[in-house]
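Student: First the structure, then my questions, so here it is.
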């Protein structure tokens with residue numbers, strides 16, 4: 001009898017151990033991190049080299065991506081909470097949900113762009129044909145954005161990008177297209193490094209110049225520009241205003257609490273919390289007590305970060321985002337992960353032809369009204385949104401809800417960017 005009891009216990013333990021080996025998790029259910037040794041659909045063994053079984057790579061979590069911080073997603077009211085002094089009406093408040101993502105804690109700096117240019121010169125030989133723009137030439141910032149007919153900013157033309165003292169100042173003079181090229185290059189370099197660190201010799205791009213297979217579990221998703229909704233959501237950082245679970249005590253006009261641009265606390269009390277233009281002709285204050293401390297751009301870590309740990313989400317430089325600009329995007333957006341990619345539902349030719357778009361609330365359709373014959377519009381399928389105020393902007397543009405646009409091939413001394421990245425394998 002004891003023999004059978006022992007045999008039963010041994011069999012039960014064996015089954016338990018095999019179950020743990022198969023599923024690897026508490027409760028006996030497979031997960032992404034512990035899929036088990038056998039398929040729950042077919043019963044066939046994973047990673048069976050001899051039998052040609054399906055390969056399931058080890059996976060713990062999305063690898064850390066350099067310079068990024070985690071932005072937990074959720075519901076938020078986006079839009080301009082400031083008085084619409086420009087009477088644009090192009091960012092009316094609306095409730096949306098944004099999925100979790102990662103974002104650069106700082107703006108991309110001059111040293112990062114110089115690194116980009118160095119690798120481009122190594123990976124893509126310079127063209128001797130002046131009519132061909134090779135990758136290096138195509139991505140040179142326009143340093144002439146500093147030049148002015150009635151201003152002596154000439155020293156910045158030569159020094160701002162390359163002088164070592166400006167290494168960790170935000171890169172400017174880059175277009176939306178150039179920012180996208182940087183993001184693609186950065187993805188490739190980061191993933192090459194992660195593949196090398198993994199010690200796996202089998203991790204090679206699927207095509208020449210292609211990317212490492214995402215199934216490997218050792219690479220990160222693509223770096224890219226954030227969507228307008230992601231940028232605005234991250235700038236608001238409403239995790240700092242929560243009270244009793246889902247209740248919020250207040251909204252924010254700026255990326256920090258309060259209605260003031262000055263620090264209300266401690267040793268830094270009275271100092272400005274962003275780099276912006278304080279008034280007509282006043283960029284930094286009076287010598288001996290410079291308040292925001294910067295006549296032009298500033299060190300990318302200069303001011304206190306917001307609740308998400310993001311620096312300079314107001315001021316320093318405005319930032320490119322992914323979206324095509326339309327004045328009434330808030331009416332068309334999906335309320336989950338909104339973005340405007342192209343002309344869908346709002347063709348740019350209607351603006352070029354002198355028509356304005358109006359939504360009919362009752363029928364959910366649109367009507368187009370003829371504008372005056374002398375009407376000129378800058379709206380096209382090539383203009384992109386940029387967000388946040390810059391060193392040259394007044395306080396109005398510090399509010400995350402404000403928005404402006406510029407042609408995707410254009411560049412200025414006031415616009416830079418930072419990258420974002422999805423949180424892969426997440427449902428929140």
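Student: Restricted to the stretch 41-64, and to residues that are under 16 Å from residue 426 (Cα atoms) and out of contact with any helix residue (DSSP H, G or I) (no Cβ under 6 Å at 6 or more places or on another chain), which residue is surrounded by the most Cβ atoms within 10 Å (Cβ to Cβ)?
Tutor: Step one: of the stretch 41-64, the residues under 16 Å from residue 426 (Cα atoms) are 59-64.
With out of contact with any helix residue (DSSP H, G or I) (no Cβ under 6 Å at 6 or more places or on another chain) added as a condition, the list becomes 59-62, 64.
On the way: 59: 16, 60: 9, 61: 11, 62: 18, 64: 12.
Filtering the stretch 41-64 for residues that are under 16 Å from residue 426 (Cα atoms) and out of contact with any helix residue (DSSP H, G or I) (no Cβ under 6 Å at 6 or more places or on another chain), the one surrounded by the most Cβ atoms within 10 Å (Cβ to Cβ) comes out as 62.
Student: Which of the residues spanning the stretch 393-407 are in a loop (DSSP other than H, G, I, E, B) and crowded, with 19+ Cβ neighbours inside 10 Å?
Tutor: Listed by number, the residues that qualify are 393, 399, 400, 401, 402.
Student: Taking the stretch 248-307, which residues are within 30 Å of residue 155 (Cα to Cα) and not in a loop (DSSP other than H, G, I, E, B)?
Tutor: 272, 279, 282, 285, 286, 289, 290, listed by residue number.
Student: Please indicate, with yes or no, whether at least one residue in the stretch 192-210 is buried (at least 19 other Cβ atoms within 10 Å of the Cβ), part of a helix (DSSP H, G or I) and without any contact (Cβ under 8 Å) to a residue 60 or more places away in the chain.
Tutor: The answer is yes; a qualifying residue exists.
Student: Take residue 166 and decide whether it is over 20 Å from the mean Cα position of the chain (by Cα) and in the same structural domain as residue 326 (by TED's automatic domain parsing).
Tutor: Numbers: over 20 Å from the mean Cα position of the chain (by Cα): yes; in the same structural domain as residue 326 (by TED's automatic domain parsing): yes.
Yes, satisfied.
Student: Considering only the stretch 119-146, state which residues are modelled with pLDDT under 95 and either in a helix (DSSP H, G or I) or within 30 Å of residue 314 (Cα to Cα) (or both). I'd like the intermediate steps shown before the answer.
Tutor: If we filter the stretch 119-146 for residues that are modelled with pLDDT under 95, which is where we start, we get 119-138.
Hits for the stretch 119-146 are 119, 120, 121, 122, 123, 135, 136, 137, 138.
Student: A follow-up question, please. What pairs come out if I take residues in the stretch 253-270 that are in the same structural domain as residue 80 (by TED's automatic domain parsing) and at positive phi and pair them with residues that are surrounded by fewer than 16 Cβ atoms within 10 Å (Cβ to Cβ) and in a loop (DSSP other than H, G, I, E, B) whose C-beta lies under 7 Å away, six or more apart or interchain?
Tutor: 258/264
Student: Return the total of residues in the stretch 123-137 being in contact (Cβ under 8 Å) with a residue 12 or more places away in the chain and loosely packed, with under 14 Cβ neighbours inside 10 Å.
Tutor: The total comes to 1.
Student: Could you figure out which of (1) surrounded by 15 or more Cβ atoms within 10 Å (Cβ to Cβ); (2) in the same structural domain as residue 259 (by TED's automatic domain parsing); (3) on the phi > 0 side of the Ramachandran plot isn't true of residue 36?
Tutor: Evaluating residue 36 over (1) surrounded by 15 or more Cβ atoms within 10 Å (Cβ to Cβ); (2) in the same structural domain as residue 259 (by TED's automatic domain parsing); (3) on the phi > 0 side of the Ramachandran plot leaves (2) as the failure.
Student: Looking only at the stretch 340-378, count how many residues are under 17 Å from residue 403 (Cα atoms), surrounded by fewer than 18 Cβ atoms within 10 Å (Cβ to Cβ), modelled with pLDDT of 85 or more and in contact with a helix residue (DSSP H, G or I) (Cβ under 7 Å, 6 or more places away or on another chain).
Tutor: 0
Student: Among 229, 237, which is the only one that is buried (at least 18 other Cβ atoms within 10 Å of the Cβ) and at positive phi? Talk me through it step by step, then tell me what you get.
Tutor: Details: 229 fails: at positive phi.
From the options 229, 237, the qualifying one is 237.
Student: Run residue 223 past the list (1) closer than 21 Å to residue 310 by Cα; (2) surrounded by fewer than 21 Cβ atoms within 10 Å (Cβ to Cβ) and report the number of the one that doesn't hold.
Tutor: If we test residue 223 against (1) closer than 21 Å to residue 310 by Cα; (2) surrounded by fewer than 21 Cβ atoms within 10 Å (Cβ to Cβ), just (2) comes out false.
Student: Still on this structure, please answer the following. State yes or no: is residue 178 touching a helix residue (DSSP H, G or I) at 6+ places or on another chain (Cβ under 8 Å) and assigned by TED's automatic domain parsing to the domain that holds residue 386?
Tutor: Judged against the criteria, residue 178 is a match.
Student: Let me ask something else about it. Do you know which of the residues in the stretch 158-179 that are more than 17 Å from residue 317 (Cβ to Cβ) and touching a residue at least 12 places away in the same chain (Cβ under 8 Å) is surrounded by the fewest Cβ atoms within 10 Å (Cβ to Cβ)?
Tutor: Looking at residues that are more than 17 Å from residue 317 (Cβ to Cβ) and touching a residue at least 12 places away in the same chain (Cβ under 8 Å), I get 158.
Student: Return the total of residues in the stretch 190-225 being at pLDDT below 80 and within 19 Å of residue 422 (Cα to Cα).
Tutor: So the answer is 1.
Student: Okay, moving on. Within the stretch 221-230, is there a residue that is touching a helix residue (DSSP H, G or I) at 6+ places or on another chain (Cβ under 7 Å) and in a strand (DSSP E or B)?
Tutor: Yes, some residue in the stretch 221-230 is touching a helix residue (DSSP H, G or I) at 6+ places or on another chain (Cβ under 7 Å) and in a strand (DSSP E or B).
The values are calculated or read from the model by the stated rules, or taken from the named source; none is laboratory data. What you see is a predicted model; the values in this text were computed from it and never measured. Here Cβ is always computed from backbone atoms with ideal geometry, including for glycine, and neighbour counts include all displayed protein chains.
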